[in-house]
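*Asks:* Can you read through this structure? Questions will come right after.
Values quoted throughout were computed directly from the atomic coordinates according to the rules given, and no laboratory measurement underlies them. None of the values given here were measured: they were computed from a predicted structure. With ideal geometry, Cβ positions are generated from the backbone for all residues, glycine too; neighbour counts draw on all protein chains shown.
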Amino acid sequence: QQQVKQSPQSLIVQKGGIPIINCAYENTAFDYFPWYQQFPGKGPALLIAIRPDVSEKKEGRFTISFNKSAKQFSLHIMDSQPGDSATYFCAAGSNYQLIWGAGTKLIIKP
Amino acid sequence: DAGVIQSPRHEVTEMGQEVTLRCKPISGHDYLFWYRQTMMRGLELLIYFNNNVPIDDSGMPEDRFSAKMPNASFSTLKIQPSEPRDSAVYFCASSPFEQYGYTFGSGTRLTVV
């Protein structure tokens, strides 16, 4: 019940396209769903996060869609740029602890 | 704010040696987390502290691993004796009270040969 399943493992998208990364969780007690972005040689950095009382949240070009009944959430990146190439992690948590997805390596081709 | 500061950035040591990783969290953050990242296992939570007190160390792999937080501005993760399978990137992260927004340090890449 503690797993967070993330897909795909890797993704290649042309510049300007909309990469979508999906995550599914099992524990209905989770109340916080963040996405982190990690560049090589750096620690993960918080990108955007959502609580289960809303179905969508946008910050700039990044959007989280949340489906509570399906226990799924996804990250969409609008107008993707080569600088968005990174590894993206979803996570789900409660009580200040996070369970992490395995990560998606995203490459945006110029 | 300088963010979460970890040292050293890289550490190469021989099997059997003691290794100490250091972390300075962001001032005012009440929570401190130690994570390990490997290709095979991804991000693993090792231990976390709240107000300098260890709350959950169930992720610490073995008794060879220990962590301390003697004050609000400093924490260490020690491995004694180190083994090649401990090779990984170790991250420290901190978070303010009642918020989940972790801020990670840049990590320490540990290689045990």
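*Asks:* Where the centre of each part is set by its Cα atoms, how far does segment A:4-42 sit from segment B:1-20, in angstrom?
*Replies:* When both Cα centres are located, 28 Å separates them.
*Asks:* Tell me which aspartates and glutamates have Cα within less than 17 Å of A:Lys15's Cα, excluding those fewer than 8 residues away on the same chain?
*Replies:* Filter leaves A:Asp79, A:Asp84.
*Asks:* Given +1 on the Cβ of Lys and Arg, -1 on the Cβ of Asp and Glu, and no further charges, what dipole in debye does chain B carry about its Cα centre, rounded to the nearest 20?
*Replies:* Once rounded to the nearest 20, the dipole reads 260 debye.
*Asks:* Could you calculate the FRET efficiency of A:Glu26 with B:Asn50 from 1/(1 + (r/R0)^6), where r is the beta carbon distance between them and R0 is 35 Å, rounded to 0.05?
*Replies:* Using R0 = 35 Å, I get an efficiency of 0.85.
*Asks:* Among the listed pairs A:Lys58/B:Lys24; A:Lys42/A:Lys109; A:Lys5/A:Lys57; A:Lys57/A:Lys109; A:Lys42/B:Lys78, which are separated by more than 24 Å between their Cα atoms?
*Replies:* Correct reply: A:Lys58/B:Lys24; A:Lys57/A:Lys109.
*Asks:* Another one. Whole-Hz Karplus ³J(HN,Hα) for segment B:82-88, in order, using 6.51 cos²θ - 1.76 cosθ + 1.60 and θ = phi - 60°, x for Gly and Pro?
*Replies:* For segment B:82-88, the Karplus-derived couplings read 7, 10, x, 6, 7, 4, 4 Hz, x marking Gly and Pro.
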